[in-house]
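Here's the structure, in C-alpha cells; my notes come after.
Nothing in this text is a laboratory measurement; each read-out follows from the coordinates by a stated rule. This is a predicted model, so every value here is computed, not measured. So basically every Cβ, Gly included, is an ideal-geometry build from the backbone, and we count neighbours across all protein chains shown.
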Amino acid sequence: MGVLGCLLATVALAACGEATVGSGAGKATTSAASSATSTSTSTSGSSDPTKDPAPDPAGTAPGGGNSHGTAKEVADPLERESYPAPASVKHASAATPTKAGEAIVAAGAPSNAEIRSELKQMQALERSARHTQQLRMTPVPGGESIGGNGTIPIPSGIPEVIQKVIAGANEIADFPYVYGGGHASFVDNAYDCSGSVSYALAAGGLLGAPETSGQLESWGAPGPGKYITVYANAGHTYMYVDGILYDTAGRSGVYASRWQVGSVDNSGYVARHWPGL
C-alpha cells in the first residue's frame, strides 16, 4: 500500500505541472513534460525583453519575393543600450515611409543607370567626401548619436534610391526606441532596431512590409554593398548607408538620433545588400 500511495502521489504532482501562460494577444499552455515556443506579435507599447515579435509572413521585397515565413528570434541583447521610452510615448506617428523618401530627395539626382556607368570614376571622390563628412560629425555626450537635429545631409551624387533611404531614416531618426515598435505597421510613434531599418528600406522601395532582425538576415543579396549594408542576426540589426552607421543601440538618449559617429564590431552578424547598391 505504501508503494501504491507513492505512485499515486507522483502522478498527481506531474499533473500539476501544467500552467496557462499569457503571450501577447493569445495564450499558450506549457507542461513539465514538454515545452512549446510561443511567438507573440508585439506593438509599440510592448516592452517584454524575453520575447521578440513574430515575423510577418507577409513581408515581401520588390523584385525578389522576400517572404521568409517564420524565423527564430531572440531578445535584442542591445536593448538596454537603446534608451527605451517611458510608458507614455509622446512622439507623433511617422508618415508612410514612401512619402518620407519622396519628399526630401535632393533635386537633380542621377538615375541608377547613370550612376552604374560612372562608379569607377566616382569611387575616389566619394571616399573623400564620406571621410570629410564623418570628420565633421561629433557625438552627443553620453553616447554616439550625432549632434544637431539628428539628421544627416542627403548627398546629390548617390543613387536616387539611396537618397530616399536616407530621407526615410532621417524621418524617424529621433523617435524613441520601443521593443516591437514598427512591426505591426510602418506608421508608428516608436521603433525598435528592425522597425527602424525596415522603415528606411521601405522609403527607398526596397521592402514591402516590416521585417524582424531574423528575417533581414535573408534580405537582398549576401555581402556588403557599395552604398548600403544591412547587418542582422536573430536579435539585432543595424545598417550603414553611404558609410554612416544607423543603429538604435549606442544612442545618446531617448530621443537622440539613430545616426551615429564611427562604427561597431560586425562579428556575429550577416551582411546583406541590395543588388547593384
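If Lys and Arg each add +1 and Asp and Glu each add -1, what is the summed charge of the other residues whose beta carbon sits under 12 Å from the beta carbon of residue 239?
Values: positive: 258, 272; negative: 242, 247.
Every neighbour counted, the sum reads 0.
With 10 angstrom as the radius, rank 165, 270, 74 by how many other C-beta atoms surround their C-beta, starting from the fewest.
On the way: 165 33, 270 19, 74 14.
Taking fewest neighbouring Cβ atoms as first place, the list is 74, 270, 165.
Using the alpha-carbon centroid of each, what span in Å lies between the stretch 181-202 and the stretch 81-97?
First find each Cα centre; the distance between them is then 10 Å.
Principal axes first, then extents: for the Cα atoms of the stretch 224-277, list largest minus smallest coordinate on each axis, whole Å, largest first.
Its Cα atoms span 34, 24, 15 Å along the three principal axes.
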